[in-house]
Every structure is written in C-alpha cells, then in structure tokens.
1. State, as an integer percentage, the relative contact order of the stretch 20-137 based on alpha-carbon contacts under 8 Å between residues 6 or more apart.
2. Order by neighbour count: TYR59, TYR296, fewest other Cβ atoms within 10 Å first, most last.
3. Got a sec? How would GLU202, GLU189 order by Cβ neighbour count within 10 Å, fewest to most?
4. Quick one: which residues, 5+ away or cross-chain, put their amide H under 5 Å from the amide H of VAL286? H built at 1.01 Å from N.
5. Does the stretch 146-400 classify as rounded, prolate or oblate by the C-alpha gyration tensor (a ≥ b ≥ c root eigenvalues; a/c under 1.5 gives rounded; else a/b over b/c gives prolate, otherwise oblate)?
6. Could you work out how far helix 158-167 tilts from the main Cα principal axis of the chain, as a 0 to 90 degree angle to the nearest 10?
7. For the stretch 231-316, what class follows from the C-alpha gyration tensor (a ≥ b ≥ c being the square roots of its eigenvalues): rounded when a/c is under 1.5, otherwise prolate if a/b is larger than b/c, else oblate?
8. Computed FRET efficiency, Cβ-Cβ of SER66 and ASP99, R0 22 Å: what is it to the nearest 0.05?
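Quick note: the coordinates plus some simple rules give every number you see, no bench work behind them. What you see is a predicted model; the values in this text were computed from it and never measured. Note: ideal-geometry Cβ built from the backbone for every residue, glycine included; neighbour counts use all protein chains shown.
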Amino acid sequence: MKKIAYSQIILLVLLLTPNQLLAQNDLKITHGPYLVDPAEDAMTVVWFTNENCVSWIEYAESKNSSTFPTWGGYPEIAKSSNQGLIDANTKKHVIRIKDLETGKTYKYRVASKEILKFGPYEVLYGETVVGDISQFTTLDPAATNFSFGVIADLHEDAKIVSDLNKIAPLNVYDLIFLNGDILSWIGDEERIFNGFLDASVEHFAKEKPFIYIRGNHETRGANARGIMSYFPHSSGKNYYSIMHGDVHFIVMDSGEDKPDAHPVYAGLVDFDSFRSEQAEWLRKEVQSESFRNAGYRVVIFHMPLSDDSTRHGPYDIGQKWGPILNQAKIDLVVNGHKHRYKRTDKNDGEYSFSTVVLGKRMILDTKVSDQDLTFSVKNTEGELVDSFTIQKYEPTKASDW
Ligand SMILES: [Fe+2]
C-alpha cells in the first residue's frame, strides 16, 4: 500500500511543471491598489502581492465606451524602472503613470507576475494576477465645483475611516488629505494595512488619491525612515504644493513636538534644521506664479503654529513659518495633533489667515466654487461640529500683494 502511494507521488511530481513545483502559494494581490501623488499629467499607483513579482499597469482613457466597452480606448502599459532596471522581485509595487492628459478620467488595472527563481542568467516566471478595473481622474487647474476632505489623528483606528464613510461617502472627494498621526508609530507593515490603509482602499483610495502628511507620531519606531515610501511623492520630499481647480495647496511636515535633544529621540532626530529647510522653500513657494495667481491658498500640516503649550515643535514652526504665511494671503491653515477641534478666524489672533485644528473622529469637508470655499466639519456621529465660509480674495491692484 505504502509502495503504491509512493509511486503515485513520484508520478504527480513528474507531471508538474518546474514552475508549479517552485510556486509555494496562490499568487494574490494582498493590499491596494491605492492612488497617491496626483498631478495634472500623472498618477502613482501602489499595491502589494503575497509573492515576489514584476508588475505593470494597464490603462486607457475612458472616452469611447461605446466603441470599447471595457476600456474606452486601447490600453497602454506603464512600468517602473530605475537606472535601466525594471522594478522586480518585490512584493511592494509602486508605478507612476506619466504623460497623461489634464483633467481626464482613465480606467486602469494592476497586474503582477510572480518570479519563482531569479538567477543571474535565468529568471523563471510563475502565474500572473490582475486587479479589478478601476478609474481615476488627473488634476485640473480648470476644475470648478469640486470638494476635498481632511482627516487627522486616526492613530490606527481604521474604524474611523469606515464610520466617516457611513456619514458621507469618502469617494466623493477629488482629494483626501491625511494630516498626520494616522499611525501611532512605525513598526511592521501590518500596522499600516490594518491601521488605515485597507479601510481607505475599501472606501475611496482605489479611485481617489490621498495625500499623506507626516505627523510627529510617524517619525517614531524602527521603520519610521521608510514610511513615506508607501506614499511617495515625485519630489522625494515631504513638503510640496498641489494645484487643483483654483486652489493652491501647500503641504508641509511639522516634525516632532519635543526638542531634538530630548532623551526619547536618542540623538536620532534633526527637526530644527528640517523646519528651517522648509521655511526657505516656503519663502520661495509663496512668491511663485502659481501661488500668486491662485484663487485660494490652503496650507495643511500636522502640528498647529501655536498650540497653547510650551512644546518646542509648534513654537519652532510658529517662529519659522508663521511670519512667511502671515504675509502670503493664505486663506486657511489646517492642522491636527491636539485631538480637540478649534477654529480661529482671519485676523482674530496673531495670524492674517483662518486656522482649523481638527479633532479626532472628524472630517473637514470643503466645497470649492468660483465664489468661495464652504467648510463643514462633521464627526463620526453625524453631528455638524462647525461650518464656515471663506470668500475668494480678489486683489484689486498689484500693491495688494
Ligand atoms: Fe500629533
């Protein structure tokens, strides 16, 4: 009996292809895809597989759906390569689709092919897995009547994403800003997936891009130095601007709250100089044509410029960024960090712009029109925490600048 069973096993092994012998598990897309770093002419897509793969994206402009019912057009292929080598043999897949048209909707799906063996002169491929067809729209400076959302301080409570989605679907926003302390510290990858990412993919991030702004908590933990590679920006920086519709968005990284020399950082942080570096960038950014010609200017970063405490971080950004923003015709600065909602109106205090400090379990819902920005702050209970409007600033003469 034993002899027959043994020969059956031998026969089965002989019938299997080398690829099937090497494959350990069924190939799966385990997380994503999600969209980051939106631009007028590009979009970055990120996803994960359970095995090492080489990956690509199939995409097409969805304009001829009667002629091409599935894709709308002939699908093109986007891959990612660096220094002549196509990204391969990895479970994390990051591909930027480039040369897109402004304000156009594209259909896309991700695809990954398993690499069973990666020898110097022989690569053995396994199965290919493809995702569902989804779609995204590139940014457009001519967009009118759109909306964006800001959420802060999830602290790995992914249920907040689902609860907010129940109050109002999150996939209505053209952009969602995740304004820091979305994670409490950076350890293994599962914390990212379970903490907010899988819930975000489920509710919006497959089809609407998010902008991940680092908070002080995301600077902590053994893997903090790699966290922004999950939400990469093509500038390679954590501070940059985005133009969509008539809104010039500036996002910045306020760093840690305590002094760099504090013992909890063990001599491993350098945020004073990082905040100075951003001040230099900001000084130039507010002089840029795009910033000066924008109808609205919204600045988003995690820690408030002054937070009624003696914390060093907020004090440092208040000293370094506050004066530049004060002279720059900013409409609104949006922060988080305090876990308590607070709004100050333009010229109410020491700043020439309005400020919002978001609390936990809430979203800043913003409607952009030709005339004004209309803000509603809603919490996960469905309550309207606050609402206000900012009229478009129309300079009447050059000296207004
Ligand atoms: Fe914080």
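1. Working: 263 pairs, mean separation 33.6, N = 118.
It rounds to 29 percent for the stretch 20-137.
2. Numbers: TYR59 26, TYR296 21.
Least crowded to most crowded, the residues run TYR296, TYR59.
3. Working: GLU202 14, GLU189 17.
In increasing order of surrounding Cβ atoms, one gets GLU202, GLU189.
4. Placed amide hydrogens put nothing under 5 Å from VAL286.
5. Oblate, because a/c is 1.5 or more while a/b does not exceed b/c.
6. Value to nearest ten degrees: 70.
7. Numbers: a/c = 2.53, a/b = 1.91, b/c = 1.32.
Because a/c hits 1.5 or more and a/b exceeds b/c, the stretch 231-316 counts as prolate.
8. Numbers: r = 25 Å, r/R0 = 1.15.
Result of the calculation: an efficiency of 0.30.
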